[in-house]
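The values are calculated or read from the model by the stated rules, or taken from the named source; none is laboratory data. These numbers come from a predicted model, not from an experiment. In this analysis, Cβ positions are derived from the backbone assuming ideal geometry, glycine residues included, and neighbour counts consider all displayed protein chains.
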């Protein structure tokens with residue numbers, strides 16, 4: 001996603017999701033960021049088994065308990081879940097891509113959940129798969145349907161979301177209760193071991209824990225131009241071409257250092 005132009009609103013989204021530290025922060029922040037980027041009334045992370053007999057979901061806003069319980073019981077009826085289990089195609093799809101409105105309204109899931117919270121349209125994509133589990137993101141709203149442009153945007157963002165999710169999982173394993181400041185120091189040490197100078201390592205590690213160019217410049221008491229110069233030399237040494245890839249490389253190095 002580093003090919004996004006500076007005036008693309010998706011660029012800020014990518015930077016934001018790579019700034020979350022750990023899986024809990026990622027889950028909550030991702031849903032809010034997605035609803036701002038693609039206007040929606042509901043967003044959720046849904047983890048289901050291949051047989052949909054076990055469901056875990058995190059929603060924003062949090063639905064009334066009775067609807068959450070009904071969703072977990074009936075999640076396998078969701079046409080987008082059924083489509084993924086049949087095709088294993090994790091790209092974004094809408095209700096309207098796979099069923100008619102009449103077919104949707106005939107579902108018990110619709111009557112007990114979606115009709116009650118005024119959801120008529122949904123778009124979902126898969127973030128991660130495991131042998132017996134998959135994790136999907138769903139956005140829902142009453143009207144209008146999600147456009148082709150919104151579907152294309154989510155398709156463009158999906159690789160960055162997958163990468164950010166993997167970072168968050170790795171961070172959670174690595175951090176085990178340490179603070180953001182301690183995490184930054186660990187990342188900086190790993191980057192120095194990889195050949196970056198102390199200043200390059202500080203710049204890249206601060207980027208990896210969520211700082212913007214402006215906050216980096218202020219914290220290090222240098223200009224934004226100097227920050228970008230250090231980033232560019234750091235990118236070359238890491239063999240990457242942009243911010244999200246540099247953050248990924250920093251966390252991978254820290255994980256290897258921690259395992260050594």
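Quick notes
- Qualifying helices (runs of 4 or more DSSP H) (wholly inside the range 139-212; at least 3 residues being assigned by TED's automatic domain parsing to the domain that holds residue 28): 148-175
- Any hit, the range 8-15, residues being surrounded by 18 or more Cβ atoms within 10 Å (Cβ to Cβ), under 21 Å from residue 166 (Cβ atoms), at pLDDT 85 or above and out of contact with any strand residue (DSSP E or B) (no Cβ under 7 Å at 6 or more places or on another chain): yes
- Residues of the range 29-69 that are in a helix (DSSP H, G or I) and either modelled with pLDDT of 90 or more or within 19 Å of the chain's Cα centre (by Cα) (or both): 29, 30, 31, 32, 33, 34, 35, 36, 37.
- Residue in the range 234-248 that is nearest to residue 176 (Cα to Cα), counting only those that are assigned to a helix (DSSP H, G or I) and without any contact (Cβ under 8 Å) to a residue 40 or more places away in the chain: 235
- Test: residue in the range 98-120 that is under 22 Å from the mean Cα position of the chain (by Cα) and in contact (Cβ under 8 Å) with a residue 12 or more places away in the chain: no
- Condition check for residue 73 on (1) under 30 Å from residue 177 (Cα atoms); (2) at pLDDT below 95: one failure, at (1).
- So residue 185, is it out of contact with any helix residue (DSSP H, G or I) (no Cβ under 7 Å at 6 or more places or on another chain) and at pLDDT 95 or above: no
- All of 73, 118, 91 fail the test of being in contact with a strand residue (DSSP E or B) (Cβ under 9 Å, 6 or more places away or on another chain) and at positive phi, apart from 118.
To keep it simple, each residue is scored yes or no on (1) surrounded by 18 or more Cβ atoms within 10 Å (Cβ to Cβ); (2) within 23 Å of the chain's Cα centre (by Cα).
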residue: 168; (1), (2): yes, yes
residue: 180; (1), (2): no, yes
residue: 192; (1), (2): no, no
residue: 196; (1), (2): yes, no
residue: 211; (1), (2): yes, yes
residue: 217; (1), (2): yes, no
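- Meets criteria (within 25 Å of residue 8 (Cβ to Cβ), surrounded by 19 or more Cβ atoms within 10 Å (Cβ to Cβ), in the same structural domain as residue 35 (by TED's automatic domain parsing) and touching a strand residue (DSSP E or B) at 6+ places or on another chain (Cβ under 9 Å)) for residue 123: yes
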